[in-house]
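Comments concern the structure below.
The values are calculated or read from the model by the stated rules, or taken from the named source; none is laboratory data. All of these numbers come straight from a predicted model, not from anything done at the bench. A quick note on method: Cβ atoms are made from the backbone with ideal geometry, for glycine too, and the neighbour counts reach across all protein chains shown. With ligands, DNA and RNA removed, areas are computed over all heavy atoms of the protein, side chains included. Shrake-Rupley method; radii C 1.70, N 1.55, O 1.52, S 1.80 Å.
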Amino acid sequence: MKNYFRSNIDAMASYVPGEQPQRGIQVIKLNSNENPYPPSPAVLAVLQNIEGEWLRRYPEPLGGEFRRAASKVLGVPSDWIIVGNGSDEVLNLVIRACTEPGRKVVYPIPTYVLYVTLTQMQGAKIEEIPYGEDHKLPLEELIAANGAVTFIASPNSPSGHIVPINDLRQLARRLSGVLVIDEAYVDFAEDNALALVKEYENVIVIRTLSKGYSLAGLRLGFGVANPQLLHGLFKVKDSYNIDAIACALGTAAIIDQDYKNACAAKVKASRTQLAKDLKKLNFQVWDSQTNFLLVQPPQENAEYLYQQLKERHILVRYFPQPGLDNKLRITVGTDAQNQVLVETLTQICA
């Protein structure tokens, strides 16, 4: 067959998301960091009242309704917000607008593996800098690399740690390129970096409604940055990237902060208990400010446990790559789901 693709597309590997079982198959799904609780009742009420006219017409090109609601919740002007088809699209907009062959994208590893995929798609250079012990940010190395774009996931995946705000502030001040702070898991964390967008024009904070708001199936995320930075991103955005239903449901979700915060509190309490239970099984468990735990089995047989759990209809995430191939990433489920997981692990390890 004739080769129709660019050389960098031929050379790259595809991003591999967590396994999604077919509907109707009963599994305990702890592999994609979805929220175990349903969306806000306010979201479901809007969904029940979708009008056909919403589908006939094109939606607002900038997601204005959601921008106005998010503006009130976050305390930033609405023109400081860009809405995307999931936060992944906003990440892609940054790469498309700010990089090209010869320009460099920098990030510490291990981290969200989509960063490398997006960069390879654009044909830009990649510089990966390993985290230090106890996930200490390699600050000086990142600054010296001075990428056109620097990605920092905080809280990070798969480690679950948060990057100190002072480290992020130093990066913002000393980098000449764009600093992307990916806060996908911020709703389960004790701190955030949103204030930095007003201090530094090269900072964009990116968030999603997939995790804290239980809307992974909706695909809605957003970025917050100085309008001068967003101006370039709007140029490469699809004309109508946010559909009318997603905008309406996302608006209802972000307004209902009480519900989101209550669900996040339940997840954090379950996270603490699950960590205790796994430690009793002699798992090494890293501290987490997310809705998942990174754990290392006592016999470092992570792949074996992953397969054994899968045979018992429990899905967790296994990463076959150096530094992670002896670990599992486990999404925090409901207390009942977590109990089944722990009991099953106890049986397997015995």
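Of note:
- When the chain is treated as a Gaussian network with alpha carbon springs shorter than 10 Å, the biggest mean-square fluctuation among 173, 329, 207 belongs to 173.
- Judged by the gyration tensor of its Cα atoms, with axes a ≥ b ≥ c, the range 57-161 is prolate; a/c meets the 1.5 cut and a/b is the larger of a/b and b/c.
- Stretching the chain fully between residue 350 and residue 234 yields a gain of 36.2 nm (0.36 nm per residue, less the alpha carbon separation).
- Set against the labelled values (1) 134; (2) 159; (3) 201, volume of the Cα convex hull per residue in Å³ computed from this structure falls on (2).
- Helix-only arithmetic for the chain: the sum of -39500 (n - 2.57) across DSSP H runs with n ≥ 4, divided by the residue total, places the mean residue ellipticity at 222 nm at -12000 deg cm²/dmol.
- Test item: Cα-centred dipole of the range 87-127, Lys/Arg +1 and Asp/Glu -1 on Cβ, debye: 160 debye
- The range 235-348, relative contact order in percent, only Cα pairs under 8 angstrom and at least six apart counted: 22 percent
- The residues of the range 198-308 have, on average, 42 Å² of accessible surface per residue, using a 1.4 Å probe with all protein chains present.
- One Cα centroid belongs to the range 179-258, the other to the range 12-72; the line between them spans 14 Å.
- Listed by chain and number, the lysines whose alpha-carbon sits under 16 Å from that of residue 104, ignoring those within fewer than 8 places in the same chain, are 125.
- Most mobile listed residue (85, 291, 301) in the chain, GNM with C-alpha springs under 10 Å: 301
- 27 Å Cα-Cα reach of residue 29 towards lysines, excluding residues that sit fewer than 8 places from it in its own chain: 211, 260, 266, 268, 276, 279, 280, 310, 327
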